[in-house]
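Asker: I'd like to ask you about the structure that follows.
The values are calculated or read from the model by the stated rules, or taken from the named source; none is laboratory data. Source: prediction; values computed, not measured. Note: ideal-geometry Cβ built from the backbone for every residue, glycine included; neighbour counts use all protein chains shown. Accessible surface is based on the protein model in full, side chains and every heavy atom, while ligands, DNA and RNA are left aside. Shrake-Rupley method; radii C 1.70, N 1.55, O 1.52, S 1.80 Å.
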Amino acid sequence: MGRRTIEPKKILYVDDDAGLRRLIQRALTKRGFDVETAESADEGLECMRITTFDLVAIDNHMPGKSGRQMLDEIVAKEGHPPVVFVTGDSDTAVAVEAIHAGAADFVVKTVGESFFDLLDGRFRQAFLRDRLEREKRKAEADLREANERLEMLVREVHHRVSNSLQMVQSFVAMQANQTAEPAAKDALEATQNRIKAIGKVHQNLYTRGDLTTIDLDEYLETLIAELRENMSEIDNSVDLIFSADHVEVSPDDAVNVGVVVNELVTNAAKYAFPENSSGTVRVELSSLENGYSVAVSDNGAGIADGAGPVGTGLGMRIVTAITRSLGTELEKLECGVGTSHRITVKTN
């Protein structure tokens, strides 16, 4: 296999000094560059329109458009080559300004062979920095593209999970409709509500841009609205009220809190108001300095000290297990009327 030939880097050198242009072209060609020259900024820009260059070197002082003005036009173009600014001894302030404006480097003109060596070194450094910058931008673009594909896949997973949970919920509802036993019907309806609480998180994640957090206040608001609608179909005597601060949590925490709220609200609506008496169930989400709390209160009959669970007790067992997974526990608050429970979750 033959040795691969490396094409010389193509340079455009813009300077109104014809003698210096010839010297630079000869010296840099000996050093392995392919050099084209232009005597003015406008001629240099025209060359760039026709030919692709790996680097452009610009003298500052030229008749007509200055090198500094040419620099502005070059860096305004997307994917422009690196620019090395060439100045005299008295123009270092302009050179520094050019660096801030987008030049890759600057070189102060000197007399003799050392100037050509300096150009050679600065050009090679500019090539290296430009290559590294392009590789960095490409890596960042590839990473963004990979993240976007991953987000699309994760969002699609949440969509499919949401659809699957809705299907399971429909099956449970069908079974509840065909069940005559009241206890079994209640158990199936409770299971259906638990599935709804979980499914709404996946539905929320599918439709929002951020897949890492859930607005707990918005999620609970939609959950409470559905619970309110379900309660109104059975009994209009219980009023369900929701108030909230803005709180963001992880999807896992949102699922857990949603199931807890579902259980506590359902229990209150079922058992706090005997003989179809009217009343209010209140859900409050509060933002704390190092976390948040959720309280569910009612103004019903209350729970006597030492009294066992009403019904199967499964709902409260679920609440106990979930609050433990949240790193907290269910508090029973002192209140004059009815029952009030609260969970407090620390986030840091």
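Asker: Rounded, prolate or oblate: pick one for the stretch 153-300, where a ≥ b ≥ c are the square roots of the eigenvalues of its C-alpha gyration tensor, a/c under 1.5 means rounded, and failing that, prolate if a/b is larger than b/c, else oblate.
Answerer: Working: a/c = 2.59, a/b = 1.18, b/c = 2.20.
Here the stretch 153-300 falls in the oblate category.
Asker: Still on this structure: Toward the positive end of the charge dipole of the chain, about the Cα centre and with charges on Cβ (Lys, Arg +1; Asp, Glu -1), which of V111, H61, L143 goes farthest?
Answerer: V111
Asker: Going by amide H atoms built from the backbone, whose H comes under 5 Å of the H on V281, apart from near neighbours?
Answerer: Under 5 Å from the amide H of V281: D239, L240, I241.
Asker: Same structure, new question: Calculated from the structure, Rg and Dmax of the Cα atoms in Å equals which of (i) 19.9, 62; (ii) 36.3, 107; (iii) 25.4, 85?
Answerer: (ii)
Asker: Looking at G121, T344, L330, which one has the Cα that reaches farthest to the positive end of the dipole of the chain (charges on Cβ: Lys, Arg +1; Asp, Glu -1)?
Answerer: Sorting the options by dipole projection puts first G121.
Asker: Aspartates and glutamates within cross-link reach of K346: Cα-Cα under 20 Å, excluding same-chain residues under 8 positions apart?
Answerer: D215, D217, E218, D245, E248, D252, D253, E284, E289, E329, E331
Asker: Right, here's the next one. Quick check: at a probe of 1.4 Å, how many percent of the accessible area of the chain sits on carbon and sulfur atoms? Please report the intermediate quantities before stating the final value.
Answerer: Values: 10080 of 19730 Å².
After summing per-atom areas, the C and S share lands at 51 percent.
Asker: For the stretch 92-102, take each phi angle, set θ = phi - 60°, evaluate the Karplus expression 6.51 cos²θ - 1.76 cosθ + 1.60, and give the result in whole Hz per residue in order, putting x for glycine and proline.
Answerer: Along the stretch 92-102, the couplings run 5, 5, 5, 5, 5, 4, 5, 4, 5, 7, x Hz.
Asker: Counting only heavy atoms of the protein chains, get the accessible area per residue of the chain (1.4 Å probe) and round it to a whole Å² value. Can you show the working numbers first?
Answerer: On the way: 19730 Å² over 348 residues.
On a per-residue basis, 57 Å².
Asker: Moving on. If you keep only loop residues by DSSP, which trypsin sites (Lys or Arg not before Pro) in the stretch 1-87 have at most 13 other Cβ atoms within 10 Å of their Cβ?
Answerer: Numbers: sites: R3, R4, K9, K10, R21, R22, R26, K30, R31, R49, K65, R68, K77; in loops: R3, R4, K9, R31, K65, K77.
Those satisfying the criteria are R3, R4, K77.
Asker: Can you list the lysines whose alpha carbon is less than 21 Å from that of K270, not counting same-chain residues fewer than 8 positions off?
Answerer: Within the straight-line limit of under 21 Å, K270 reaches these lysines: K185, K196, K332.
Asker: Not counting the cut sites, what is the longest span of the chain without GluC sites (Glu not before Pro) that DSSP labels loop and that have at most 10 other Cβ atoms within 10 Å? Numbers along the way, then the final one.
Answerer: Details: sites that count: E78, E289, E334.
The longest uninterrupted stretch comes out as 79-288.
Asker: Under 30 Å between C-alpha atoms is the cut-off here; go through the stretch 14-169 and count lysine pairs that meet it, provided they're at least eight residues apart or on different chains. Can you show the working numbers first?
Answerer: Details: K30/K109; K65/K77; K65/K109; K77/K109; K77/K136; K77/K138.
For the stretch 14-169, qualifying lysine pairs total 6.
Asker: May I ask you to derive the relative contact order of the chain, considering only C-alpha pairs under 8 Å and at least 6 residues apart, and to give it as an integer percent?
Answerer: Values: 484 pairs, mean separation 30.9, N = 348.
Relative contact order of the chain: 9 percent.
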